[in-house]
Each structure stands twice: as C-alpha cells, then as structure tokens.
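In what follows, a structure is listed as structure tokens, so that the remarks can point back to it.
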Amino acid sequence: MFYQPKYFFVATHLFGLALVAYCIMANATQPALLRLPLELPGMIREYKAGVYGVAAAVAAKLAVDIVMSFLAVSAALLGIYVGLGMHANLVYLLGVGWLLAMASSSVAMTLICVFGDLKVAIHFAPILYVMHYSW
C-alpha cells in the first residue's frame, strides 16, 4: 500500500465538489446562451406591439427560469449525490446549486444582451466560470 497524505481525502472531496459546481454552472449557462437569441426577436416584437411591458416580461421569464433551474439542478444533483455516495446535507447542496445555476444563467443572459451575437457571447462564456470560482 502506498503512502497517503493526511489531507488526501479532504482534497479529493473538495475537487469533487468543485467538479459538481462546474457541471451545474455549465448546465445552467448553455441553455440560456442558446435559447435567448431565439426568444429575443419575438419578445421585442411583442413589446413594440404593446402586448406587455418590461416588468411583465421579466417577471414571466424569471418565474419560468426559477422553476426550470430548480428542476434541472435537482435532477443533476440527485444523480450525482447517489452515484458518488455523498454524505453531505442534500437540501443545502440543492440550495447552493440552485443559486449557482440562477447566477450563471443570469450572467449568460447578460452576455447575450451585451454582445448581441451568439458566437461572440459563446467565446466570452468561460468568463462565467472564472468569475464564479474567484469568489
């Protein structure tokens, strides 16, 4: 048997959680980056036609995104939780993962709105992961 340092297991668990966080961010970012450019022309057309205002559009989009994000994170984390045999508090992991997914998708939507082009926004998407890990 080879020598294992005292903190070997702490490091592997920490890197495992970092990998889970990265997967959550990537899974939340990609649909937002790919879906918003398709929805934006219709939303602008409906806004110009006076169908609804900005507050109603943001509230409707946020209500749908909150539910979809929670369901996606729950499905992913339940599979990872059981598959890896984690012993952490599942409710805490779901809450942190859900907040991380909401933050990642909102920053991805901001990238799309700032750059206006999907190709440019996808090139700047790694900024999302660096920014979240630096905090």
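Read-outs: derived from the displayed coordinates by stated rules, not from any lab. Predicted model only: the values in this text are computed from it and were never measured. Using ideal geometry, Cβ is built from the backbone for each residue, glycine included, and neighbour counts are taken over all protein chains shown.
Compared with the alpha-carbon gap, the fully stretched path from residue 18 to residue 30 is longer by 2.5 nm at 0.36 nm per residue.
The dipole here belongs to region 21-135: it is taken about the Cα centre, uses +1 on the Cβ of Lys and Arg and -1 on the Cβ of Asp and Glu, and is about 120 debye. In the chain, the longest principal axis of the Cα atoms and the axis of helix 8-48 are about 10 degrees apart. Scoring 41-51, 15-25 by mean Cβ neighbours within 10 Å over their residues and listing the highest first yields 15-25, 41-51. Couplings for region 66-77, taken from phi via the Karplus curve 6.51 cos²θ - 1.76 cosθ + 1.60 with θ = phi - 60°, read 4, 5, 5, 5, 5, 5, 5, 5, 4, 5, 5, 6 Hz in order; Gly and Pro are left as x.
(i) 1.12; (ii) 3.13; (iii) 1.30: which one is Cα Rg over 2.2 N^0.38 Å as calculated from this entry? Here Cα Rg over 2.2 N^0.38 Å agrees with entry (iii).
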